[in-house]
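Enquirer: Submitted below is the structure of interest, expressed as C-alpha cells.
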Amino acid sequence: PQPQVNTHKDRVSATLPTGDSVEILLYGATVISWKSNGKERLWVSEAAKLDGSKPVRGGIPLVFPCFGPPPKDHATGALPQHGFARNSHWEYLGSSSSESGPLSKGGDDSVKLDFGLSSANLSAEAKKAWGYDFGLVYSVTLGKDGLQTMLNVRNSGSTAFDFQILLHSYFSTPSITRTAITGLAGTSYVDKVLNATEHTESNTSISITGEVDRVYKSIPQDTTSVLVDGKPILDVQRDNVRDSVLWNPWIEKAKGMGDFEPKDGYQKMVCVEVGAVDGWQKLEPGETYEGGQILRAY
Ligand code: BG6
C-alpha cells in the first residue's frame, strides 16, 4: 500500500499505511495535526481560528521573515510580530513519495508535501511592508514515527535581504509538571520573561514550573528532547538552524490570549521552536537558504 494524499479546499492531508498522518492548512502552511502511533503529537487550541482570520494558535505556525516584534529601524520594521508567512495563503505544489531519506525506515515509503509562497501572491499589505522578491518552498515529509519540516528561502530579486525563520511548534504533552526538556545545557539564552537578560543554561534537564519564554542561541547539540516522567516522547532535531525558543505561557499569559482554550491548556503543551533568530540571515540575489527540523516520536 502507498501513502494516501487528500486535498481539500483549505487543507492537504497525508496518511501512511501504518496509520500515521499529517494535516496542513494552506493558510500559513500551518501543520495542524501530526499523528504517530495513534497519538496526536501537536497541540492546537480549541479556540484556534482555522478560517484564515488570524494565525493558528497551535500546530506549527511558520515565522518568516522576522521573529517577534521586528526592530523599528530594520527592513522588517513595518511587519507584524512573527512576519507574514503564518498568515498568508500558500499554494499546494504537490506530493512525492520516496523509499529513501531520513524518514523512510526499512524501505517504508515516506511522503513529502510541498507548499509555496512568493512575493507574487503576497497580500498588498505585506508587500508594502516588505517589498523584496522572494520564493518560499515549505516541504513537510511524513514518515513512520517521524516528520520533517524544511523551509527553503530564495532571493529572486536584485537586492540582498535579511530574514529570520522559526518553526513555532506546539507539542502536546500529557502534563507539564511531568515534562522536562533536555539538550540545551551549556547554551546561552535570552530570557524574555526576565527583561531580556542573558543567562547560561546550567540544567541538563529543564522543568517548566511557570511562564517560560527563552531564546537559546547557537546551540552546539543537534537535538532537543521532550521527556515525560524521565522518558523521551519526542526528539526535535535542528537541520541547518542553530537557535531554539522554549515557550509556555502559563496561567496569566494564557488568560490574556483570546484564542487560547481551554485556559488550563498550558498544562498540555510546550513550544520548542527551532530556527535562525539570533541576528539575521542575509541572502544575496539568486541565493537560496534551507533550514528546518526532523521530529521523531516515541
Ligand atoms: C514565541 C515568543 O515564539 O511566540 C513569545 O517567544 C510569544 O514571546 C509567542 O508570546 C507567541 O506569539 P504569538 O504572536 O503567536 O502570540
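Enquirer: In the range 170-188, how many residues are over 23 Å from Q221 (Cα atoms) and in a loop (DSSP other than H, G, I, E, B)?
Expert: 2
Enquirer: Also, I was wondering about something else. Report yes if A29 is more than 28 Å from Y132 (Cα to Cα) and either modelled with pLDDT of 95 or more or not hydroxyl-bearing (S, T, Y) (or both), otherwise no. Show your work before the answer.
Expert: Details: more than 28 Å from Y132 (Cα to Cα): no; either modelled with pLDDT of 95 or more or not hydroxyl-bearing (S, T, Y) (or both): yes.
No.
Enquirer: Those residues that are within 30 Å of G38 (Cβ to Cβ) and in contact with a Lys or Arg (Cβ under 8 Å, 6 or more places away or on another chain), I need them from the range 117-141; list them, please.
Expert: S139, V140, T141 - these are the residues of the range 117-141 that are within 30 Å of G38 (Cβ to Cβ) and in contact with a Lys or Arg (Cβ under 8 Å, 6 or more places away or on another chain).
Enquirer: Can you find, within the range 26-60, the residue that is surrounded by the most Cβ atoms within 10 Å (Cβ to Cβ) among those that are more than 16 Å from the ligand (Cβ to nearest atom), of a type outside the set (S, T, Y) and under 17 Å from the mean Cα position of the chain (by Cα)?
Expert: W34
Enquirer: Let me ask something else about it. Which numbered condition in (1) free of Cβ contacts under 8 Å to residues at least 40 places away in the same chain; (2) in contact with a helix residue (DSSP H, G or I) (Cβ under 6 Å, 6 or more places away or on another chain); (3) among the polar types (S, T, N, Q) is the only one that Q267 fails?
Expert: If we test Q267 against (1) free of Cβ contacts under 8 Å to residues at least 40 places away in the same chain; (2) in contact with a helix residue (DSSP H, G or I) (Cβ under 6 Å, 6 or more places away or on another chain); (3) among the polar types (S, T, N, Q), just (1) comes out false.
Okay, residues lined up against (1) crowded, with 20+ Cβ neighbours inside 10 Å; (2) modelled with pLDDT of 95 or more; (3) not polar (S, T, N, Q):
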site	(1), (2), (3)
S244	yes, yes, no
P249	no, yes, yes
F260	yes, yes, yes
V272	yes, yes, yes
E284	no, yes, yes
G292	yes, yes, yes
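Enquirer: Out of curiosity, is Y132 touching a strand residue (DSSP E or B) at 6+ places or on another chain (Cβ under 8 Å), within 30 Å of L295 (Cα to Cα) and in contact (Cβ under 8 Å) with a residue 24 or more places away in the chain?
Expert: When the stated conditions are applied, Y132 does not pass them.
Enquirer: Okay, next question. Picking from K231, K268, K263, which residue would you name as being farther than 23 Å from T200 by Cα, within 16 Å of the ligand (Cβ to nearest atom) and more than 15 Å from the chain's Cα centre (by Cα)?
Expert: Of the residues listed, the single one that is farther than 23 Å from T200 by Cα, within 16 Å of the ligand (Cβ to nearest atom) and more than 15 Å from the chain's Cα centre (by Cα) is K263.
Enquirer: Name the pairs: first residue in the range 243-254 and among the β-branched types (V, I, T), second residue within 11 Å of the ligand (Cβ to nearest atom), Cβ to Cβ under 6 Å, at least 6 apart or on different chains?
Expert: V245/V215; V245/E273
Enquirer: Pairs please, first residue from the range 64-84 and within 19 Å of Y216 (Cα to Cα) and surrounded by fewer than 19 Cβ atoms within 10 Å (Cβ to Cβ), second anywhere and modelled with pLDDT under 95 and β-branched (V, I, T), Cβ atoms under 6 Å, 6+ apart in sequence or on different chains.
Expert: Within 6 Å, no pair qualifies.
A quick yes/no check of all residues on (1) within 16 Å of the ligand (Cβ to nearest atom); (2) in contact with a Lys or Arg (Cβ under 6 Å, 6 or more places away or on another chain); (3) of a type in the set (D, E, K, R):
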position	(1), (2), (3)
V236	yes, no, no
N240	no, no, no
P249	yes, no, no
G258	yes, no, no
G275	yes, no, no
L283	no, no, no
E287	no, no, yes
I294	no, no, no
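Enquirer: Any residue in the range 51-67 that is of a type in the set (D, E, K, R), under 21 Å from N6 (Cα atoms) and not in a strand (DSSP E or B)?
Expert: Looking for residues that are of a type in the set (D, E, K, R), under 21 Å from N6 (Cα atoms) and not in a strand (DSSP E or B), one finds at least one in the range 51-67, hence yes.
Enquirer: What are the residues in the range 206-260 that are assigned to a strand (DSSP E or B) and hydrophobic (A, V, I, L, M, F, W, C), if any?
Expert: I206, V212, V215, V226, L227, V228, I233, L234, V236, V245, L246, W247, listed by residue number.
Enquirer: Another question, then. Return the total of residues in the range 98-130 being among the polar types (S, T, N, Q) and in a strand (DSSP E or B).
Expert: Going through the range 98-130 one residue at a time, the tally reaches 3.
Enquirer: Let me ask another. Among the listed residues L117, L113, L122, L103, which satisfies the condition of being more than 19 Å from L26 (Cα to Cα), buried (at least 19 other Cβ atoms within 10 Å of the Cβ) and away from the ligand (no atom under 16 Å from the Cβ)? I'd like the intermediate steps shown before the answer.
Expert: Numbers: L117 fails: more than 19 Å from L26 (Cα to Cα); L113 fails: more than 19 Å from L26 (Cα to Cα); L122 fails: more than 19 Å from L26 (Cα to Cα).
Within the list L117, L113, L122, L103, the selection yields L103.
Enquirer: Has the range 266-286 got at least one residue that is touching a Leu at 6+ places or on another chain (Cβ under 9 Å), closer than 30 Å to T159 by Cβ and small (G, A, S)?
Expert: yes
Enquirer: Considering only residues that are within 13 Å of the ligand (Cβ to nearest atom) and either at pLDDT below 95 or small (G, A, S) (or both), which ones fall in the range 61-87?
Expert: G68, G83, A85
The values are calculated or read from the model by the stated rules, or taken from the named source; none is laboratory data. All values derive from a computational prediction rather than experimental measurement. Cβ: placed from backbone, ideal geometry, glycine included. Neighbour counts: every protein chain shown.
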